[in-house]
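For reference, the structure is listed below as structure tokens.
Computed from the coordinates by the stated procedures, all read-outs in this text should not be read as laboratory data. Nothing here was measured: the structure is a model prediction, and the numbers come from that model. Please note: Cβ atoms are built from the backbone with ideal geometry, for glycine as well, and neighbour counts cover all protein chains shown.
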Amino acid sequence: MAKFLISFVEGAMRVPEAELPDVVKAAHAVVDEAKDAGVWILGGGLKNHSEATVVTPERTLVDGPEPSANGAIAGFALIEVRTYEEALEWAAEIAAACRCDQEVRELLPSART
């Protein structure tokens, strides 16, 4: 089994305000489906990137980090599935529910589990 991060960046979800309840309902349905399938680990939306704090190696706190070239993650799902193809299938379900593209990345194996 492998773990995958499925995520989208700030600004990717361009949904009219009136349609947000439908998006939330659809997203919750996919989460419930993933839980029922036993693949769901964790997921959720994140506060705006501008509200983040960076902690440097020197233990200095920096408010409002610089945006990355790829954009800041706005929401994510962490799943555990047998194959990359299965992860892509879940990402497609999430993309349809959230109405935005999803990035799929496999987590590297950890020396400590």
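For G75, list long-range residues whose amide hydrogen, built 1.01 Å from N in the peptide plane, is under 5 Å from its own amide hydrogen.
HN-HN under 5 Å from G75: F8, L46.
Relative contact order (percent) for the chain, with alpha-carbon contacts under 8 angstrom and 6 or more residues of separation?
48
For the range 44-54, what does the Karplus curve 6.51 cos²θ - 1.76 cosθ + 1.60, with θ = phi - 60°, yield as ³J(HN,Hα) per residue in whole Hz, taken in order and with x for Gly and Pro?
x, x, 10, 4, 3, 4, 5, 8, 7, 10, 9
Label A92 and R14 with points 7 Å out from Cα along Cα→Cβ: what is the distance between them in nm?
In this crude spin-label approximation the distance works out to 2.4 nm.
Highest mean first, what order results for 36-46, 83-93, 4-14 on Cβ atoms within 10 Å?
Top to bottom by mean Cβ count within 10 Å: 4-14, 83-93, 36-46.
Based only on the alpha carbon positions, what is the Kirkwood hydrodynamic radius of the range 2-106, in angstrom?
It is 14.9 Å.
Along the positive direction of the dipole of the range 2-106 (beta-carbon charges: Lys, Arg +1; Asp, Glu -1; about the Cα centre), which of G43, T56, A26 reaches farthest?
Of G43, T56, A26, it is T56.
Calculated from DSSP H runs of 4 or more alone, at -39500 (n - 2.57) each and per residue, what is the 222 nm mean residue ellipticity of the chain, nearest 500?
Calculated mean residue ellipticity at 222 nm is -9500 deg cm²/dmol.
Excluding residues on the same chain fewer than 8 positions from K25, give the lysines whose Cα lies under 22 Å from its Cα.
Within reach: K35, K47.
Taking neighbour counts of Cβ atoms within 10 Å as a proxy for exposure, in what order, fewest first, do R59, R112 appear?
Listed from fewest to most nearby Cβ atoms, that is R112, R59.
When the dipole is taken about the Cα centre of the range 2-106, and only Lys, Arg (+1) and Asp, Glu (-1) are charged at their Cβ, what size is it in debye, to the nearest 20?
Here the size comes out at about 180 debye.
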